[in-house]
Amino acid sequence: MLVGTETCDDAGVYRLTEGLAIVQTLDFFPPLVDDPFVYGQIAAANSLSDVYAMNARPVTAMNIVGFPDDELPLSILGEILRGGADRVALAGAATVGGHSVRDSEIKYGLSVTGVIDPAELMTNASARAGDILVLTKPLGTGFITTAFKKGDCPPPVLERAVASMIELNAVGRDSLRAAGGAHAVTDVTGYGLAGHAAEMAEGSHLTIELEVNHLPLIAGAEALAVPRYFTRASASNRKFLEDRLRIEPSADTLRIEFAFDAQTSGGILIAVDPSHADRLVFELKERNSQAAAIVGRVTARQEGIAVVLR
């Protein structure tokens, strides 16, 4: 076992031979949008993300399904699976079956297996003091999808969120490779940017400083960052960090909320040597990444503080 649960990393990694390891992950969740095909795309991209965050290549995927087949037509399930298969195929992987159960609520996701040479493995626990932090997708999907469920989200804003959520994080993985590598990587999902940054900080025994004014946001999301559209995760993400978090008085209060907003199929947060940061941003832009933003830096451990919002 090369990576287990000790550092709250994105996936488990098991060495098969000297030059080959498998990367394993699993994720699923209820629908965020009405279109079943798009929902399948989002859920699959989210599941594949953990493999990319380890710098690995996905090779197989298995469907995980909960579906009320006694209440809804199977054609809806077919569209969900078609959306998932679309993203798996785009990733160059193969869908090899899966398992379904009758459930009162729709749920869908993937169990994904990837491969990597152990020498090329990246985790969230190897950042270095002085590293620059780069984020590859804009924030705000939690606010936007919550507003959509309440019937209050402008269609163009939802469309921009969907475009971000269905983008494969292969873009970030390929960009960091082209830029000469990185020290640590994690994807940004349910714990929000601050939560996943804290996992990187704790695993690396360092402190991460995030510049909230530099955070990339989905256009239109700022108007939805109000308590009416906060998810339960917004509060729980902040509370989970409260004894390891410092918020500078100068930090913009609205932008702080985006650090705790739970993301679905968010981008990857990359800790990179300062000499490679500009090249990484360039490579991300060359691949039309949803974002290519320098959002902070890694410092020596500041007493018991994992994350600083400035």
Kindly indicate whether any position in the range 189-209 is under 18 Å from A292 (Cα atoms), of a type in the set (A, V, I, L, M, F, W, C), surrounded by fewer than 23 Cβ atoms within 10 Å (Cβ to Cβ) and in the same structural domain as H276 (by TED's automatic domain parsing). no
Listed by range, strands (runs of 3 or more DSSP E) wholly within the range 66-150 having at least 1 residues that are polar (S, T, N, Q) and out of contact with any Phe, Trp or Tyr (no Cβ under 8 Å at 6 or more places or on another chain) are 94-102, 107-116
Check whether at least one residue in the range 79-90 is touching a Lys or Arg at 6+ places or on another chain (Cβ under 8 Å), over 24 Å from G192 (Cβ atoms), touching a residue at least 12 places away in the same chain (Cβ under 8 Å) and not assigned by TED's automatic domain parsing to the domain that holds R301, and report yes or no. no
I'd like to check something: does the range 91-98 contain any residue that is free of Cβ contacts under 8 Å to residues at least 40 places away in the same chain, closer than 23 Å to T17 by Cβ and among the small types (G, A, S)? yes
Would you say P68 is closer than 23 Å to G97 by Cβ, surrounded by fewer than 17 Cβ atoms within 10 Å (Cβ to Cβ) and touching a residue at least 12 places away in the same chain (Cβ under 8 Å)? yes
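Yes or no, residue by residue, for (1) farther than 17 Å from L309 by Cα; (2) among the β-branched types (V, I, T); (3) assigned to a strand (DSSP E or B):
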{"residue": "D243", "(1), (2), (3)": "no, no, no"}
{"residue": "R246", "(1), (2), (3)": "no, no, yes"}
{"residue": "S250", "(1), (2), (3)": "no, no, no"}
{"residue": "Q263", "(1), (2), (3)": "yes, no, no"}
Report the residue count in the range 150-167 for those that are of a type in the set (D, E) and either outside the structural domain of G266 (by TED's automatic domain parsing) or buried (at least 21 other Cβ atoms within 10 Å of the Cβ) (or both). 1
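The values are calculated or read from the model by the stated rules, or taken from the named source; none is laboratory data. Please read all numbers here as calculations on a predicted model, not as lab measurements. In this analysis, Cβ positions are derived from the backbone assuming ideal geometry, glycine residues included, and neighbour counts consider all displayed protein chains.
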